[in-house]
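K.L.:
Questions regarding the structure given below will be posed in turn.
The values are calculated or read from the model by the stated rules, or taken from the named source; none is laboratory data. In this text, all values refer to a predicted model and were calculated from it rather than measured experimentally. Cβ atoms come from the backbone with ideal geometry, glycine included; neighbour counts cover every protein chain shown.
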Amino acid sequence: MHTVTQHPIAGRQWLPDDAIKPANIPGRQAKLLLFGRVLPLTARSITLTFLLFGGIWTISAGLLERQLNLPEGLSYLTHIAAGAGLLLITAAMLYLLIRRFTRNDSSSHELIIRAFHASPNGIAVVRDQDRRILSVNQRFAAMTGYAVASIVGHSDSDLKLWEHSSERLDLIRQIRSNGAVQGLEVTLRRQDGSLLTGSISAHRILFEGDSCTIIFLEDITLLKQAARKVEELTRYDAITGLPNHKLLSDRLAQLLAISSREEQALSVLKLVLGRCPGAISARGGDDCDELLRSVADRLQDVLRETDTLAVLQKGEFGILLPKSGSERDILPVITKLLDAINEPFSLHDAEFQLNAHIGIAIFPGDGRSGEVLLQHAHLAQLQAQSKSIAGESGFKFYAEEMNQAVREQMQIESSILRGLRAGEFFACYQPLFSQDGKKLVGMEALARWQHPTLGLVGPDKFIPVAEANGAIVQLGDRMLELALQNCKQWREQGYPHLTVAVNVSTRQLKDRQFAERVARQLQMVGLPPDALCCELTESLLMEHSNENTEQIFRLKELGVKLAIDDFGTGYSSLTYLKHLPVDRIKIDRSFVNELDSNPDDRAIVVAIIAMARSLHLKVTAEGVETPSQHQLLQELGCDTMQGYYFGKPMQREAFELFLLNGAQLLAGEPSDPQPEQIGQELTPPAAMPVPQEEDDRSLQTVADITLHIEPLRPADRLNTALERFQTDKRLQVLPVVDQHRVAGVLNRSEFIEEQIVGRIGYAFHINHSKKVRDLMQPVPLVIESDASIEEAAQALHGNFGTMRLENICVARRGVYRGILDVRTLVEAITALNLKLAKGANPLTGLPGNESIQRETTRRLESGMPFDIAYIDIDHFKPYNDFYGFERGDMVIQVVGDILKFHADELLQGKQARNFCGHIGGDDFIIITGPGYAAALSRQVIAEFDARLPLLHGSSDYAKGCYTSFNRKGELETFSLLSLSVAVISTGQLQISSYAQLASMASEVKKTAKKVRGSSVAVKDSYEAPRVVLGTLPAEA
């Protein structure tokens, strides 16, 4: 079946019923063609047309009737009038009917027009035949940047709307085949040339008799931009803009596929920066971010375009090096990367030094999957970090042994507690011998673990794990119990003066009952306290807290001997030596290993022994393995020694056999040598002359410690240098001088071993064609002869592990004067440090711990009452971590300045009754006459609180807190700095010792610390302490 429709121009056309339906397009009305004129198809036009044609018909009918001579009685005019009346009535009825039926259509049409133009999407009608645009709405015009009049009547090709012609063809093809398109993403070009990303939905329609396409255009430009931003956030680092871990993993998977297919190597690197400098951390996160961007830029400049640099997390970078599998390929890149990091960074007119550690894993040898390679690079990086000296950069290639070590470490962590319960830990004993090596002085108990699957596990593997998970407390108690029991047993078997030393960790000392447990164990076993020596580990010296100090003093009160283990390896050992009441220091084995061959080690040992003598301490050398080491230590005056030369650590049965085989036991500790013996013992071999004691007091400048050695010239032959070294065995270095200026040095060991013997490895040989200039090395440092000893020490600070100290030259205004006598310099520096240790604290200028104890003891012995205030800076550790060590030192100095000012101001005329000192770290002390310490503490707190805006910065001070990562890596909000003061008035209290006073102060300080902010708690009776500044919380 077919229907007929009227086309205003083409006339009638026949369409099947299932063909495209005509579309009601807004803005378009049906038209009426009348005598060549187009009229709108409305009620009015239809009625007028009806009247026109009806009038013509009526008149024509009247004339026709007249001509046909119809019956008279009715004239033709009457017929015309009657017809006209009927016509008018009919026209009126037609008009009203049409108006009624077209009114709803008009309203719908107007509604469609409004919806057409109000649509949020662009709408266009395009004729399929010639692609001309017949109609658009305002939104379409606005989206494309054209006026409506500029669009209608033109084709999309005329307007050049399509950015990609393939998208236009795809739209046409889908419309022809499916009759509709849904969600086709296209890119259009606006009139101004900018691009528009849109989504098109389209349908075929019949419009004014033509096949057309109605297009709905949605602008998704912002949506696409947001999607790209989300993509960047998920695949790129927000700070540096580099790929992140996810994108690195994707690229690594692609490169692995390529490398595997083409049988090429691929290197995976993990680079981790050292800690962000404290000065930058104090300024805030923005400066750290800026520094990271600078680091990323430098690393990017070093790498090739084919390499990948990504950010794994803040301060950690991943690097992919395609087609790099040998050390020859990788080492130049590593060198460039580390050089880029080591070069100082400029930020806000200041320079900062960074370091980095790199781990390298290579495909396919170190792993065939991305996950494994990244894990192995991480293990290598950790190894590089653990092996490097603090502040230095380094790198490490992965080795399978690292993975084995990790598996072993995990096995140790999971079974250490079970091993303690099962009794798998036992004690070995290493003998301690007198100076002459003939008499047994004591023994050291060393923990060992007989693991059921790993076998015998050394302490270097399980002690760090035990300290980390807290098992060190149980292990320490077990070792103490075994050591005391065996010592008692061997004393009863004929060795009544045998002593035993045990290692004590920081976690044990944090237990406030530790000293009581030691006393109880000694009492149960029946040993005197002086039979036990507690060796304080290096970790203890690095964390000097009130709890540790209290327990150390309580052990000392019991009569237990105290020693510092591994002395010299920690940067703070000398600082805390003056704070802790120790009896002995043990020289670390690292200084003993090359004692007979390394002048630097010998100089350090000489200085340690001299310092110990000045402080009335005993000295034990660890790791003595050769007769020459024993002989040299004996000559230097070391009191006792232990090491494989005297005896390895032995299990209980083996040590009993060792005793039965005739080890002589020295009754008690060796006596202190006489003054004249000390001079002989400290005299080194002739090759290393030492100035007399009276000369040490006059050492003022570098000129006083300069060795005047005749220099070489650059043009001299190597035979000349060889002859000088062979003739004078004391010479360790020969300076090379050109026109009175230092040009370089020849080091004895490197010249003979590397340049002569080392060239062929088995015979003496020298290259006569070479001159001194060919083999001389750069001078590491030239010091002015007029410089003071302190200035020389500052110049050498931090370089003891990185340069050969015997190569340092001395000049006067650039003119060569000699070689620095390093050993004498070390002795002079030690003497200065001793003066500081006995006198003022170098940071605050206040008296140190030794002076505080002496002053407190003097006052206690006098019997006169006094007040003593213990001041502690609250929240100092997180402050130090967040703002940096420089700001931390500034806080310490501020408190010191306040104390000095108020201590002098408080009781003028009674200065002898006031004393202030710096116990160490963030602990201070004030001693005043009775009744004055609380008032002075209030003034100190007021002055300190007034400086908080300077110490914290105005922003953090205004907030009253700051947010940072704690030492567990968790985000935490910290309070501002405050002072907790514990005041003890001795008038009504029976106090007999400094240790008792310190213990009581610790309890009072707990009360003060319960108060939020600065506080003062006073104890002047045996009642509970009372708070005189601040308010205790209700629950307290």
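K.L.:
Somewhere in segment 414-437, is a residue farther than 25 Å from residue 469 by Cα, of a type in the set (A, V, I, L, M, F, W, C) and at pLDDT below 90? First the steps, then the outcome.
P.N.:
Filtering segment 414-437 for residues farther than 25 Å from residue 469 by Cα gives 429-437.
Filter once more, so that each one left must be of a type in the set (A, V, I, L, M, F, W, C): 432-433.
Okay, now just the ones that are also at pLDDT below 90, so none.
No, segment 414-437 has no match at all.
K.L.:
Yes or no: residue 853 modelled with pLDDT under 75 and of a type in the set (S, T, N, Q)? Show your work before the answer.
P.N.:
Numbers: modelled with pLDDT under 75: no; of a type in the set (S, T, N, Q): yes.
It is false that residue 853 is modelled with pLDDT under 75 and of a type in the set (S, T, N, Q).
K.L.:
Further question on the same structure: From the list 549, 537, 569, exactly one residue is modelled with pLDDT under 85, of a type outside the set (A, V, I, L, M) and either assigned by the TED database to the domain that holds residue 825 or within 25 Å of residue 824 (Cβ to Cβ) (or both). Which is it? Can you show your working first?
P.N.:
Working: 549 fails: either assigned by the TED database to the domain that holds residue 825 or within 25 Å of residue 824 (Cβ to Cβ) (or both); 537 fails: either assigned by the TED database to the domain that holds residue 825 or within 25 Å of residue 824 (Cβ to Cβ) (or both).
Of the residues listed, the single one that is modelled with pLDDT under 85, of a type outside the set (A, V, I, L, M) and either assigned by the TED database to the domain that holds residue 825 or within 25 Å of residue 824 (Cβ to Cβ) (or both) is 569.
K.L.:
Please specify each residue of segment 296-345 satisfying the condition of being farther than 18 Å from residue 246 by Cα and of a type in the set (Val, Ile, Thr).
P.N.:
Residues satisfying the conditions are 302, 306, 330, 333, 334, 335, 341.
K.L.:
Please indicate, with yes or no, whether at least one residue in segment 115-124 is surrounded by 14 or more Cβ atoms within 10 Å (Cβ to Cβ), out of contact with any helix residue (DSSP H, G or I) (no Cβ under 7 Å at 6 or more places or on another chain) and either touching a residue at least 12 places away in the same chain (Cβ under 8 Å) or assigned by the TED database to the domain that holds residue 221 (or both).
P.N.:
If we filter segment 115-124 for residues that are surrounded by 14 or more Cβ atoms within 10 Å (Cβ to Cβ), which is where we start, we get 116-117, 119, 121-124.
From what's left, out of contact with any helix residue (DSSP H, G or I) (no Cβ under 7 Å at 6 or more places or on another chain): 116.
From what is left, the residues that are either touching a residue at least 12 places away in the same chain (Cβ under 8 Å) or assigned by the TED database to the domain that holds residue 221 (or both) are 116.
Yes, segment 115-124 contains a residue that is surrounded by 14 or more Cβ atoms within 10 Å (Cβ to Cβ), out of contact with any helix residue (DSSP H, G or I) (no Cβ under 7 Å at 6 or more places or on another chain) and either touching a residue at least 12 places away in the same chain (Cβ under 8 Å) or assigned by the TED database to the domain that holds residue 221 (or both).
K.L.:
What's the number of the condition residue 277 fails, among (1) surrounded by 18 or more Cβ atoms within 10 Å (Cβ to Cβ); (2) modelled with pLDDT of 85 or more?
P.N.:
Looking at each condition in turn, residue 277 falls short on (2).
K.L.:
Is it fair to say residue 204 is surrounded by 15 or more Cβ atoms within 10 Å (Cβ to Cβ) and in contact with a Gly (Cβ under 8 Å, 6 or more places away or on another chain)?
P.N.:
Values: surrounded by 15 or more Cβ atoms within 10 Å (Cβ to Cβ): yes; in contact with a Gly (Cβ under 8 Å, 6 or more places away or on another chain): yes.
The answer is yes for residue 204.
K.L.:
Consider only pairs whose beta carbons are under 9 Å apart and that are at least six residues apart or on different chains; among these, list those whose first residue lies in segment 419-430 and is free of Cβ contacts under 8 Å to residues at least 12 places away in the same chain and whose second residue is in a loop (DSSP other than H, G, I, E, B).
P.N.:
422/452
K.L.:
Among the residues of segment 627-651, how many are out of contact with any Ser or Thr (no Cβ under 7 Å at 6 or more places or on another chain), within 30 Å of residue 425 (Cβ to Cβ) and not aliphatic (A, V, I, L, M)?
P.N.:
7
K.L.:
Further question on the same structure: Just to be sure before I move on: is residue 958 at pLDDT below 85 and of a type in the set (A, V, I, L, M) in the structure I sent?
P.N.:
Against the criterion (at pLDDT below 85 and of a type in the set (A, V, I, L, M)), residue 958 does not qualify.
K.L.:
While we're here: Regarding segment 1012-1029, can at least one residue be identified that is in a loop (DSSP other than H, G, I, E, B) and in contact with a Pro (Cβ under 8 Å, 6 or more places away or on another chain)? Explain how you work it out, then say what you get.
P.N.:
The first filter runs over segment 1012-1029 and keeps only residues in a loop (DSSP other than H, G, I, E, B), leaving 1012-1014, 1020-1025.
Those still in the list that are in contact with a Pro (Cβ under 8 Å, 6 or more places away or on another chain) too: 1012.
Within segment 1012-1029, one or more residues are in a loop (DSSP other than H, G, I, E, B) and in contact with a Pro (Cβ under 8 Å, 6 or more places away or on another chain).
One line per residue, one yes/no per condition, for (1) modelled with pLDDT under 85; (2) not hydrophobic (A, V, I, L, M, F, W, C):
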| residue | (1), (2) |
| --- | --- |
| 175 | no, no |
| 184 | no, no |
| 187 | no, yes |
| 200 | no, no |
| 226 | yes, no |
| 229 | yes, yes |
| 238 | yes, no |
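K.L.:
Go through the residues of segment 444-462 one by one and say whether even a single one is surrounded by 15 or more Cβ atoms within 10 Å (Cβ to Cβ), within 29 Å of residue 627 (Cβ to Cβ) and either more than 37 Å from the chain's Cα centre (by Cα) or among the acidic types (Asp, Glu) (or both).
P.N.:
Yes, there is a match, as at least one residue in segment 444-462 is surrounded by 15 or more Cβ atoms within 10 Å (Cβ to Cβ), within 29 Å of residue 627 (Cβ to Cβ) and either more than 37 Å from the chain's Cα centre (by Cα) or among the acidic types (Asp, Glu) (or both).
K.L.:
Is it the case that some residue within segment 859-874 is modelled with pLDDT under 80, more than 33 Å from the chain's Cα centre (by Cα) and farther than 30 Å from residue 730 by Cβ?
P.N.:
The initial filter retains those residues of segment 859-874 that are modelled with pLDDT under 80, namely none.
No - not one qualifying residue is present in segment 859-874.
K.L.:
Could you grab me the full set of residues in segment 624-636 that are over 20 Å from residue 583 (Cα atoms) and surrounded by fewer than 19 Cβ atoms within 10 Å (Cβ to Cβ)? Step through it out loud before you land on a result.
P.N.:
Here is the first cut: in segment 624-636, the residues over 20 Å from residue 583 (Cα atoms) are 624-632, 635.
Within segment 624-636, 625, 626, 627, 628, 631, 635 qualify.
K.L.:
How many residues does segment 895-916 hold that are in contact with a Gly (Cβ under 8 Å, 6 or more places away or on another chain) and at pLDDT 70 or above? Write out each step before concluding.
P.N.:
Going through segment 895-916, the residues in contact with a Gly (Cβ under 8 Å, 6 or more places away or on another chain) turn out to be 896, 900, 907, 910, 913-914.
Now narrow it down to the ones that are at pLDDT 70 or above: 896, 900, 914.
Within segment 895-916, residues that are in contact with a Gly (Cβ under 8 Å, 6 or more places away or on another chain) and at pLDDT 70 or above number 3.
K.L.:
Here's a follow-up. Report yes if residue 259 is in a helix (DSSP H, G or I) and in contact with a helix residue (DSSP H, G or I) (Cβ under 9 Å, 6 or more places away or on another chain), otherwise no. Working first, answer last.
P.N.:
On the way: in a helix (DSSP H, G or I): yes; in contact with a helix residue (DSSP H, G or I) (Cβ under 9 Å, 6 or more places away or on another chain): no.
Spelling it out, it is not the case that residue 259 is in a helix (DSSP H, G or I) and in contact with a helix residue (DSSP H, G or I) (Cβ under 9 Å, 6 or more places away or on another chain).
K.L.:
A follow-up question, please. Is it true that residue 893 is touching a residue at least 24 places away in the same chain (Cβ under 8 Å), closer than 30 Å to residue 985 by Cβ, under 28 Å from the mean Cα position of the chain (by Cα) and assigned to a helix (DSSP H, G or I)? Full working, then the answer.
P.N.:
Values: touching a residue at least 24 places away in the same chain (Cβ under 8 Å): yes; closer than 30 Å to residue 985 by Cβ: yes; under 28 Å from the mean Cα position of the chain (by Cα): yes; assigned to a helix (DSSP H, G or I): yes.
Taking the combined requirement at face value, the residue satisfies it.
K.L.:
Still on this structure, please answer the following. Could you look through segment 138-156, keep only residues that are part of a loop (DSSP other than H, G, I, E, B) and touching a residue at least 24 places away in the same chain (Cβ under 8 Å), and pick out the one that is surrounded by the most Cβ atoms within 10 Å (Cβ to Cβ)? Full working, then the answer.
P.N.:
The first filter runs over segment 138-156 and keeps only residues part of a loop (DSSP other than H, G, I, E, B), leaving 145-147, 152-154.
Filter again for touching a residue at least 24 places away in the same chain (Cβ under 8 Å), leaving 145-146.
Details: 145: 15, 146: 19.
Looking at the filtered set, the residue picked out is 146.
K.L.:
Might you check whether a residue that is of a type in the set (Lys, Arg), at pLDDT below 80 and over 16 Å from residue 1005 (Cα atoms) occurs anywhere in segment 878-894? Don't jump to the end; show me each part of the working.
P.N.:
The initial filter retains those residues of segment 878-894 that are of a type in the set (Lys, Arg), namely 887.
Cutting the leftovers down to at pLDDT below 80 gives us none.
Checked against the condition, which is being of a type in the set (Lys, Arg), at pLDDT below 80 and over 16 Å from residue 1005 (Cα atoms), segment 878-894 yields no hits at all.
K.L.:
Considering only residues that are surrounded by fewer than 19 Cβ atoms within 10 Å (Cβ to Cβ) and at pLDDT 85 or above, which ones fall in segment 712-723?
P.N.:
Scanning segment 712-723 gives 713, 714, 715, 716.
K.L.:
Taking the stated definitions as given, is residue 597 in contact with a helix residue (DSSP H, G or I) (Cβ under 9 Å, 6 or more places away or on another chain), in a loop (DSSP other than H, G, I, E, B) and more than 24 Å from residue 921 (Cα to Cα)?
P.N.:
Yes.
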